[in-house]
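What follows is a set of notes on a single structure, which appears directly below.
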Amino acid sequence: MSIIKACIFDLDGVIVDTAVYHYKAWKRLANELGFDFTEHDNEKLKGVSRTRSLELILKWGGVTKTAAEQHELATRKNQWYVDMINHMTPDEILPGAKEFLEACRNAGIKTALGSASKNSMMILDKTGLTHLFDVVIDGNKVSKAKPDPEVFLKGADALGVDPAECVVYEDAIAGVEAAIKGGMKVVGIGSPEVLGEANLVLNGLNEMSLEKLNNL
Ligand code: BG6
Ligand code: MG
């Protein structure tokens, strides 16, 4: 018998691939400010909060802005991002994600979302996944960003399970670290070179199964 009672999923890069939308919106902002922003730069922003992402981009572009200006820039970027994710459909769910969520629920394993994004509810709505989560903890509900474990601990607490009974699914190093700090098992989604600290690393949830969950 497995001791695992709950699975907590990161959203961007695990359930859906929104990185391209973040990239387009940040690139447009950087270009308006007079410098470029590459896909390589975008990689470094995976799992990083909106505010911190902007700080890094401004630093890379050698641009200084006041707190009020930064707020306006982050809002502008988010409006472009929201315009894009507003057109998302269930076709954009990553392979195997929906099936694994359903398998968990059918097996009596609780499910939570644990994401830095403040747009999580909209993405779940557009992709038709809202009903598959018992609990959603997102950027609106946490004060400390990953690698702090707050987002996952709040998820476990809301589900009424101990951290040791949870498995986290994460594509960002900061997220893998957050899960470990929270005392949870973690499945990395991506490359073993980057996410080597995880208990198991897969290319996607299409490679995950209840059998693998029980053997973690
Ligand atoms: C994370 C993404 O899930 O959410 C980051 O990996 C993003 O790239 C962060 O910056 C915050 O998202 P949002 O939707 O609140 O701007
Ligand atoms: Mg992610």
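Can you find a residue in the stretch 25-43 that is within 15 Å of the chain's Cα centre (by Cα) and either within 28 Å of Ala156 (Cα to Cα) or surrounded by fewer than 21 Cβ atoms within 10 Å (Cβ to Cβ) (or both)?
Checked the stretch 25-43: at least one residue is within 15 Å of the chain's Cα centre (by Cα) and either within 28 Å of Ala156 (Cα to Cα) or surrounded by fewer than 21 Cβ atoms within 10 Å (Cβ to Cβ) (or both).
If the condition is being over 24 Å from Glu99 (Cα atoms) and either touching a Cys at 6+ places or on another chain (Cβ under 8 Å) or not in a helix (DSSP H, G or I) (or both), then the stretch 140-159 contributes Asn140, Lys141, Val142, Ser143, Lys144, Ala145, Lys146, Pro147, Asp148, Pro149. Return only the number of the condition from (1) modelled with pLDDT under 95; (2) away from ligand 2 (no atom under 16 Å from the Cβ) that Asp91 does not satisfy. Here Asp91 meets the rest and fails (1).
Within the stretch 6-31, the set of residues being of a type outside the set (Ser, Thr, Tyr), over 16 Å from Gly175 (Cα atoms) and away from ligand 2 (no atom under 12 Å from the Cβ) comprises Ala6, Val20, Lys24, Ala25, Trp26, Lys27, Arg28, Leu29, Ala30, Asn31.
Taking Ala107 as the residue in question, decide whether it is more than 15 Å from ligand 1 (Cβ to nearest atom), assigned by TED's automatic domain parsing to the domain that holds Asp12 and open to solvent by less than 80 Å² (accessible area, probe 1.4 Å). It is true that Ala107 is more than 15 Å from ligand 1 (Cβ to nearest atom), assigned by TED's automatic domain parsing to the domain that holds Asp12 and open to solvent by less than 80 Å² (accessible area, probe 1.4 Å).
Candidates Gly47, Gly34: the one that is away from ligand 2 (no atom under 16 Å from the Cβ) and outside any helix (DSSP H, G or I) is Gly34. Taking every residue in the stretch 111-139 that is more than 22 Å from Ala74 (Cβ to Cβ) and assigned to a helix (DSSP H, G or I) and pairing it with any residue that is within 12 Å of ligand 1 (Cβ to nearest atom) and open to solvent by 10 Å² or more (accessible area, probe 1.4 Å), at least 6 positions away or on another chain, the pairs with Cβ-Cβ distances below 9 Å are Thr130/Met121. Here Ala30 fits the description: among the hydrophobic types (A, V, I, L, M, F, W, C), touching a Gly at 6+ places or on another chain (Cβ under 7 Å), more than 30 Å from Leu202 (Cβ to Cβ) and not assigned by TED's automatic domain parsing to the domain that holds Pro147. Residues that are in contact (Cβ under 8 Å) with a residue 60 or more places away in the chain, within 16 Å of ligand 2 (Cβ to nearest atom) and not in a strand (DSSP E or B) do occur in the stretch 72-84, at least one of them. From the set of residues in the stretch 94-136 that are away from ligand 2 (no atom under 14 Å from the Cβ) and of a type in the set (Val, Ile, Thr), which is farthest from Val161 (Cα to Cα)? The extreme case among them is Thr127. Against the numbered list (1) within 16 Å of ligand 1 (Cβ to nearest atom); (2) surrounded by 17 or more Cβ atoms within 10 Å (Cβ to Cβ), Arg76 comes up short only at (2).
Among the residues making up the stretch 52-61, none is modelled with pLDDT under 95 and either away from ligand 2 (no atom under 16 Å from the Cβ) or not in a helix (DSSP H, G or I) (or both).
The values are calculated or read from the model by the stated rules, or taken from the named source; none is laboratory data. On a predicted model such as this, the values are computed, not experimentally measured, just so you know. Here the Cβ is made from the backbone with ideal geometry for all residues, glycine too, and neighbour counts use every protein chain on show. Heads up: the accessible areas ignore ligands, DNA and RNA and are worked out on the full protein's heavy atoms, side chains in. Shrake-Rupley method; radii C 1.70, N 1.55, O 1.52, S 1.80 Å.
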